[in-house]
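Have a look at the structure below before the remarks.
The values are calculated or read from the model by the stated rules, or taken from the named source; none is laboratory data. All values derive from a computational prediction rather than experimental measurement. Note that we place each Cβ from the backbone using ideal geometry, even for glycine, and neighbour counts take in every protein chain shown. These accessible areas exclude ligands, DNA and RNA; they are computed on the full protein's heavy atoms, side chains included. Shrake-Rupley method; radii C 1.70, N 1.55, O 1.52, S 1.80 Å.
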Amino acid sequence: MTARIGHGVTSGTFSLDGQTFDVDNNVWVVGDDEECVVIDAPHSVPGVLAVVAGRRVRAVLLTHAHDDHVRVAPELAAATGAPLLLHPADEVLWRLVHPGLPLPGPLADGQEIAVAGTVLRVLHTPGHSPGAVCLYAPELGCVFTGDTLFQGGPGATGRSYSDHDTILASIRSRLFPLPPETVVHTGHGPNTTIGAERT
């Protein structure tokens with residue numbers, strides 16, 4: 001089976017620094033008819049499972065630990081039996097959302113996650129959060145950027161544990177070298193391409 005990308009949208013809130021905002025999050029699932037990985041765990045376990053569509057979930061890959069991306073992660077892990085994986089530099093944010101729960105397993109820069117005959121390569125891209133990562137799928141011609149890069153520019157850096165100069169450096173050094181035709185699948189909103197965002 002050839003790996004393909006599934007997509008859905010779930011709605012909820014994002015809260016940090018005493019403020020709460022309504023947000024719509026993309027749900028991305030990469031796999032074939034038998035197995036898949038899920039990227040992030042936003043808002044609704046049934047919403048994520050609708051995209052999974054009964055397949056075996058090999059892992060839930062968390063691009064970062066803001067609450068709108070990890071709030072239902074423990075419940076999703078329990079429902080699927082899949083491990084949660086997160087870059088350890090986001091421990092502080094994970095503990096804000098899930099105090100007392102174990103940390104997910106580690107994601108490391110350069111790590112490769114194999115699923116359905118293809119590979120997702122972890123790119124550590126701090127800035128939006130200390131442990132933010134993007135997941136590059138060269139054979140699928142795309143990168144899943146979480147909240148690091150959107151159509152029109154970088155992710156927000158106005159909250160605790162984020163830094164504008166750091167996110168710009170991450171985008172320039174880790175994402176802009178990718179082929180210009182690489183499709184950017186974001187954590188919120190529409191797709192773009194690396195070439196479009198370089199200009």
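For the range 116-124, the criterion of a residue being open to solvent by 20 Å² or more (accessible area, probe 1.4 Å), in contact (Cβ under 8 Å) with a residue 60 or more places away in the chain and at negative phi is satisfied by no position. Yes or no: the range 86-102 includes at least one residue that is in a strand (DSSP E or B) and open to solvent by 20 Å² or more (accessible area, probe 1.4 Å). No, the conditions are met nowhere in the range 86-102.
Out of Gly189, Gly195, which single residue is of a type outside the set (A, V, I, L, M, F, W, C), farther than 16 Å from His69 by Cα and surrounded by fewer than 23 Cβ atoms within 10 Å (Cβ to Cβ)? Give the steps one after another, and end with the answer.
On the way: Gly189 fails: farther than 16 Å from His69 by Cα.
None of the others qualify; the one that does is Gly195.
Looking at the range 30-75, which of the residues that are assigned to a helix (DSSP H, G or I) and among the hydrophobic types (A, V, I, L, M, F, W, C) is nearest to Gly18 (Cα to Cα)? Spell out how you get there, then give the answer.
Initial filter on the range 30-75 (assigned to a helix (DSSP H, G or I)): 45-52, 67-70, 73-75.
Checking which are among the hydrophobic types (A, V, I, L, M, F, W, C) leaves us with 45, 48-52, 70, 73.
Numbers: Val45: 25, Val48: 27, Leu49: 30, Ala50: 32, Val51: 32, Val52: 33, Val70: 18, Ala73: 22 Å.
In this case the residue turns out to be Val70.
Answer yes if at least one residue in the range 29-41 is at positive phi, touching a residue at least 24 places away in the same chain (Cβ under 8 Å) and either hydroxyl-bearing (Ser, Thr, Tyr) or in contact with a helix residue (DSSP H, G or I) (Cβ under 7 Å, 6 or more places away or on another chain) (or both), and no otherwise. Scanning the range 29-41 turns up at least one residue that is at positive phi, touching a residue at least 24 places away in the same chain (Cβ under 8 Å) and either hydroxyl-bearing (Ser, Thr, Tyr) or in contact with a helix residue (DSSP H, G or I) (Cβ under 7 Å, 6 or more places away or on another chain) (or both).
When the criteria are applied in full, Ser162 meets the requirement of being within 18 Å of the chain's Cα centre (by Cα), of a type outside the set (Val, Ile, Thr), modelled with pLDDT of 95 or more and within 22 Å of Phe21 (Cβ to Cβ). Of the residues making up the range 3-13, not a single one is open to solvent by less than 40 Å² (accessible area, probe 1.4 Å), out of contact with any Pro (no Cβ under 7 Å at 6 or more places or on another chain) and basic (Lys, Arg).
Here Ala53 meets the list (1) more than 15 Å from Phe14 (Cβ to Cβ); (2) open to solvent by less than 40 Å² (accessible area, probe 1.4 Å); (3) not polar (S, T, N, Q) almost entirely, failing just condition (2). For first residues located in the range 134-151 and farther than 16 Å from Ala108 by Cα, partners that are among the basic types (Lys, Arg) and surrounded by fewer than 24 Cβ atoms within 10 Å (Cβ to Cβ) and lie 6+ apart or on another chain with Cβ distances below 8 Å form the pairs Pro138/Arg121.
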